[in-house]
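Have a look at this one.
The values are calculated or read from the model by the stated rules, or taken from the named source; none is laboratory data. What you see is a predicted model, and the numbers here were worked out from it, not measured in a lab. Every residue, glycine as well, gets a Cβ built from its backbone with ideal geometry; the counts of neighbours run over all protein chains shown. Heads up: the accessible areas ignore ligands, DNA and RNA and are worked out on the full protein's heavy atoms, side chains in. Shrake-Rupley method; radii C 1.70, N 1.55, O 1.52, S 1.80 Å.
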Amino acid sequence: MLNVYLSGEIHTDWREQITKGAQGLNVTFNSPVTDHAASDDCGVAILGAEDNKYWHDHKGAMVNAIRTRKGIADADIVVVRFGEKYKQWNAAFDAGYAAALGKSLIILQQPDHDHALKEVDAAALAVARDPAQVVEILRYVLDGSLPA
């Protein structure tokens, strides 16, 4: 059984593409909360309201970090997706944290990010361009089979 943590961009369906493509494989998936509003507001919902937006965001980041650290620590493989639209500093942080823990790291990005992510890519064991490639890596890891 592989435990895979899916980190990064939350605005597209890449996670669903991977989990659907991996049906039938001996894989469990975990990820951050992908409901943007719930993720942003988790700290104040649990720990109390904040008048200052900085402290509102800070509480959310700390509570989310508990989930993220646990997910990455428990993972055999960490997949980090960098999307096209936003600068995803949290994704870069997750990739660095996973690399520091010695986790097998797969980066999922488009070629136009190659230069900006060259240090992140250097820490990864694979740089995939689409979710289907991630699925094929998982399949190969589990049973050694190549795409048809």
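Could you compute how much accessible surface V27 exposes when probed at 1.4 Å, giving the result in Å² to the nearest 10?
Probe radius 1.4 Å; accessible area of V27 about 30 Å².
Can you compute 3J(HN,Hα) from phi for each residue in region 37-53, using the Karplus curve 6.51 cos²θ - 1.76 cosθ + 1.60 with θ = phi - 60°, rounded to whole Hz and x for Gly and Pro?
5, 4, 5, 5, 9, 4, x, 6, 5, 8, 9, x, 5, 10, 6, 8, 4
Of the heavy-atom accessible surface of the chain (probe 1.4 angstrom), what whole percent is carbon and sulfur?
Values: 4790 of 8520 Å².
Carbon and sulfur atoms account for 56 percent of the accessible area of the chain.
OK, next. Can you tell me the convex hull volume per residue for the chain, based on C-alpha atoms, in Å³ to the nearest whole number?
Details: hull volume 17.5 nm³, N = 148.
Cα-based convex hull of the chain, divided per residue, equals 118 Å³.
How many Å² of accessible area per residue for region 24-137, probe 1.4 Å?
Numbers: 6530 Å² over 114 residues.
I get 57 Å² per residue for region 24-137.
Just to confirm the number: angle between the C-alpha axis of helix 89-100 and the first principal axis of the chain, 0 to 90 degrees, nearest 10?
60
Roughly how big is region 63-144's charge dipole about its Cα centre, with Cβ charges of +1 (Lys, Arg) and -1 (Asp, Glu), in debye to the nearest 20?
Numbers: 10 positive and 11 negative charges, 70 e Å.
Dipole about the Cα centre, nearest 20: 340 debye.
Assuming a strict under-29 Å limit between Cα atoms, what lysine pair count do you get for the chain once near-sequence pairs (fewer than 8 apart, same chain) are dropped?
So the count of such lysine pairs works out to 20.
Scanning the chain for trypsin sites (Lys or Arg not before Pro) in DSSP loops with at most 13 other Cβ atoms within 10 Å, what's the longest stretch left with none? Walk me through the intermediate numbers first.
Values: sites that count: K85, K87, R129.
That would be 1-84.
Angle check, please: helix 131-143 long axis (alpha carbons) against the longest principal axis of the chain (alpha carbons), in degrees 0 to 90, nearest 10.
Rounded to the nearest ten degrees, it is 60.
For G83, list long-range residues whose amide hydrogen, built 1.01 Å from N in the peptide plane, is under 5 Å from its own amide hydrogen.
E9
With the chain treated as a Gaussian network of Cα nodes joined by springs under 10 Å, which of N64, N30, N52 yields the largest mean-square fluctuation?
Highest fluctuation of the listed residues: N52.
Between A22, A37, A98, find the one with the highest GNM mean-square fluctuation for the chain; connect C-alpha pairs within less than 10 Å.
Of A22, A37, A98, the Gaussian network model singles out A37 as fluctuating most.
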